[in-house]
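All remarks here apply to the structure that follows.
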Amino acid sequence: MLTLIQGRTYYLPGPVNIGVYLYPDGGAAIIDTGLDDESGRRVLKALREADALPLRTIINTHSHADHCGGNAFLQKRTEAVTWATPFEAAVIENPYLEPFYLSGGDPFPALRNKFLMAKPSRVDRRAQSENPELAPLQVVPLPGHTPEQIGILTPDGVLFCADAFFSCAILDKYYLPYFAQVRAALTTLEKLAGFQAAYYLPSHGELTADLPAVLAANRARLLAVSEYILTILEEPRSREDLVAIIATEKGMAFSPDQYFLSSAAVAGHLAYLAEEGLVRHYFSAGRMLWVRAESATTFAAGKRAVLPQGGA
């Protein structure tokens, strides 16, 4: 059943919140489609019960399988036009790319699952910052979790935020949230802090009209992980070493999916620290090692790395 937010803006609660906007002249747009065919069935059932068919528009905020896994089902049963940004569209249309880039090569069988590989689906239109055809919905770039992630703002003042931030409950459960680009994620958090909307709905979390606390928690976690990595890199370590140390010290249990997502998240932090001149890499005995740069200063008492306050 659709849950009303405000005006003509609704959502379908679930493991991934699916945004819904009902056009004044009939029909609906949805923001993301969930993980699989069952998610697609839930969407059509909810729209049918709300007398909101036809489904006219599908917008994928990004290319992770839990956000586009229902596309194929819905495209077979409706004439909806599907939108995504160019980078995300490439993965949505070629879902093999996600486990491919996470593993750095042909993914072994355990990585070829529906959580990393949605069913292939088409993307009909490439979303940009300005999209007259999408009116009255507006695209809001929110990169960081993925390179071209977007949010969608409805005319009712509701911003569907995708995975631009995670709820405090998720941060409490998972030490290392997945952000592919740390600098971009910090900039997006700063952007949202100054954004004017009546309501905000993340894909994983609760509807809220008040963002400061959750944005501050996400920013603090990103900077804390980078600082923690700097502390570990007082001695040379490989990326694999870093993942193992973080997992052991923070009590993280791994599946193949979680291991490669965590490894990619650590890579994002290393890239950020390297851009800031705080770490350097070198090769030894066939291994790529990372170590703190001499320019990385510390507080004398706490030995805590100094990171840029703005994160941008």
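The values are calculated or read from the model by the stated rules, or taken from the named source; none is laboratory data. Keep in mind the model is a prediction, meaning the values are calculated, not measured. Cβ placement follows ideal geometry from the backbone for every residue including glycine, while neighbour counts extend to all protein chains displayed.
Taking the stretch 119-143 as the range and being among the charged types (D, E, K, R), assigned to a loop (DSSP other than H, G, I, E, B) and touching a Leu at 6+ places or on another chain (Cβ under 9 Å) as the test, no residue passes.
Results for (1) surrounded by 15 or more Cβ atoms within 10 Å (Cβ to Cβ); (2) part of a helix (DSSP H, G or I); (3) outside the structural domain of residue 138 (by TED's automatic domain parsing); (4) modelled with pLDDT of 95 or more, shown as yes or no for each residue.
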{"residue": "177", "(1), (2), (3), (4)": "yes, no, yes, yes"}
{"residue": "185", "(1), (2), (3), (4)": "yes, yes, yes, yes"}
{"residue": "188", "(1), (2), (3), (4)": "yes, yes, yes, yes"}
{"residue": "191", "(1), (2), (3), (4)": "yes, yes, yes, yes"}
{"residue": "220", "(1), (2), (3), (4)": "no, yes, yes, yes"}
{"residue": "229", "(1), (2), (3), (4)": "yes, yes, yes, yes"}
{"residue": "234", "(1), (2), (3), (4)": "no, no, yes, yes"}
{"residue": "243", "(1), (2), (3), (4)": "yes, yes, yes, yes"}
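Annotation: of all residues in the stretch 193-218 being assigned to a helix (DSSP H, G or I) and of a type in the set (Gly, Ala, Ser), the one that is farthest from the chain's Cα centre (by Cα) is 213. Checking each residue in the stretch 246-277 for being over 22 Å from residue 98 (Cβ atoms) and not small (Gly, Ala, Ser) picks out 246, 248, 249, 250, 273, 275, 276.
Taken over the stretch 275-292, the residue count meeting the criterion of being more than 19 Å from residue 243 (Cα to Cα) and in contact with a Ser or Thr (Cβ under 7 Å, 6 or more places away or on another chain) is 1.
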